[in-house]
Amino acid sequence: MPRSTHLVKILGRALDADALRQLSSRLVAALGVNPIKDALASTQSDDTYLILDRADIDPALFEGLRTETVELTETTVLPGKSAGQPAPFHYIVETDIAPDAEGDMNAWYEQEHLPGLAAVEGNVLSRRLVAAQGSPRYYACYDLVDPSARQTAAWTAVTATPWSSRVRPSFRNTRRTIFARLPLASASASASSSDPRTESDRP
C-alpha cells in the first residue's frame, strides 16, 4: 500500500535547532508526542520543511509561522548506491508538468532518471511522491551523503541524456532545493523525557 507523507513547509523562516526544539515542545504539550519525523533546513533560502507522522494537527500550533501543508503519496522508492550511510543532506525537485508530457515524464522518471541517480555514489535513497492537490504536484527526493554528489560525472551523465533533454522543457513551476537535516534528538530532548518515535523512512 502506498505510504503517505505529511509535509509542512515553513516559508520564509529558517528554523535552527533551538527554534525546532521550541516548536517540538509546543507540539508535545498539545499532542502528547512529537509528530516531527524529519526536519529539513534549506541551504538556499529561509524555508524549513517538516515531515510529520500525522495530518490532523491544528494549524494554530504553528502560530507565528507562515505554513503550507502538502499531503504526498509515495509512488517509488529505490535504495541508492550508498544505502546505509548517513544522509545529512536531502535534495528535493518539485515540479508540475505540461499535460501532454505527463506520461512521458513519468516513464522517464521510472525507467531512466530515478534508477540512474540511485546508482550514483553518494545517493543513499531516491523517492518519488505525488501531491493530492495543489502545485507543484510531483516531488523527487534524494537522501545524499554530501551535496557534491550532484556535481559528479556520474550524476551529470544521468541528467544529460536525450530523454532528459526531451522531457525537461515541459517542466513547470519547478523548484530544486538542497536541504540540511536538523537534529531531531536534541530538538525533542527538552520536550519529553521519552521519545516514542521509531526509525522510519525519510522523504
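The values are calculated or read from the model by the stated rules, or taken from the named source; none is laboratory data. Small disclaimer: the values here were computed from a predicted structure and weren't measured. A quick note on method: Cβ atoms are made from the backbone with ideal geometry, for glycine too, and the neighbour counts reach across all protein chains shown.
Among the candidates ARG3, ARG21, ARG13, ARG54, which residue alone is among the basic types (Lys, Arg) and touching a helix residue (DSSP H, G or I) at 6+ places or on another chain (Cβ under 6 Å)?
ARG21
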(request) Quick one: count up the residues across region 1-21 that are surrounded by fewer than 14 Cβ atoms within 10 Å (Cβ to Cβ) and free of Cβ contacts under 8 Å to residues at least 12 places away in the same chain. (result) 2
(message) Among the residues that make up region 171-191, is at least one of them loosely packed, with under 15 Cβ neighbours inside 10 Å, at pLDDT 95 or above and over 16 Å from the mean Cα position of the chain (by Cα)?
(response) yes
(request) State whether one or more residues within region 54-71 are under 15 Å from ALA140 (Cβ atoms) and not hydroxyl-bearing (Ser, Thr, Tyr). (result) yes
(request) Starting from region 141-165, take each residue that is closer than 19 Å to VAL124 by Cβ and list its partners that are surrounded by 16 or more Cβ atoms within 10 Å (Cβ to Cβ) and of a type in the set (Lys, Arg), counting only C-beta distances under 7 angstrom and pairs at least six apart or across chains. (result) CYS141/ARG127; ASP143/ARG202
(request) Could you tell me whether region 103-117 includes any residue that is touching a helix residue (DSSP H, G or I) at 6+ places or on another chain (Cβ under 8 Å) and aromatic (Phe, Trp, Tyr)? (result) yes
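Name the residue that is surrounded by the fewest Cβ atoms within 10 Å (Cβ to Cβ), counting only residues in region 78-113 that are without any contact (Cβ under 8 Å) to a residue 60 or more places away in the chain and part of a strand (DSSP E or B).
Checking each candidate, the answer is PRO79.
Would you confirm whether or not region 4-16 contains a residue that is in a strand (DSSP E or B), farther than 28 Å from SER148 by Cβ and either modelled with pLDDT of 95 or more or not hydroxyl-bearing (Ser, Thr, Tyr) (or both)? So that I can check it myself, show each step before the final result.
In the first step, residues of region 4-16 are kept if they are in a strand (DSSP E or B); the result is 4-10.
Pick out the ones that are also farther than 28 Å from SER148 by Cβ and you get 4, 6, 8.
Narrowing further to those that are either modelled with pLDDT of 95 or more or not hydroxyl-bearing (Ser, Thr, Tyr) (or both): 6, 8.
So far as region 4-16 goes, yes, one or more of its residues are in a strand (DSSP E or B), farther than 28 Å from SER148 by Cβ and either modelled with pLDDT of 95 or more or not hydroxyl-bearing (Ser, Thr, Tyr) (or both).
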(request) Among the candidates VAL120, VAL124, single out the residue that is in a loop (DSSP other than H, G, I, E, B), surrounded by 14 or more Cβ atoms within 10 Å (Cβ to Cβ) and either in contact with a Ser or Thr (Cβ under 8 Å, 6 or more places away or on another chain) or free of Cβ contacts under 8 Å to residues at least 40 places away in the same chain (or both). (result) VAL120
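Would you point out which residue out of THR48, THR73 is surrounded by fewer than 20 Cβ atoms within 10 Å (Cβ to Cβ) and under 13 Å from the mean Cα position of the chain (by Cα)?
Going through THR48, THR73 in turn, the sole match is THR73.
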(message) Only one of PRO88, PRO115 is closer than 22 Å to GLN44 by Cα and under 20 Å from the mean Cα position of the chain (by Cα). Can you tell me which?
(response) PRO88
(message) Checking the structure you have, find out if any residue of region 137-155 is of a type in the set (A, V, I, L, M), surrounded by fewer than 20 Cβ atoms within 10 Å (Cβ to Cβ) and assigned to a helix (DSSP H, G or I).
(response) yes
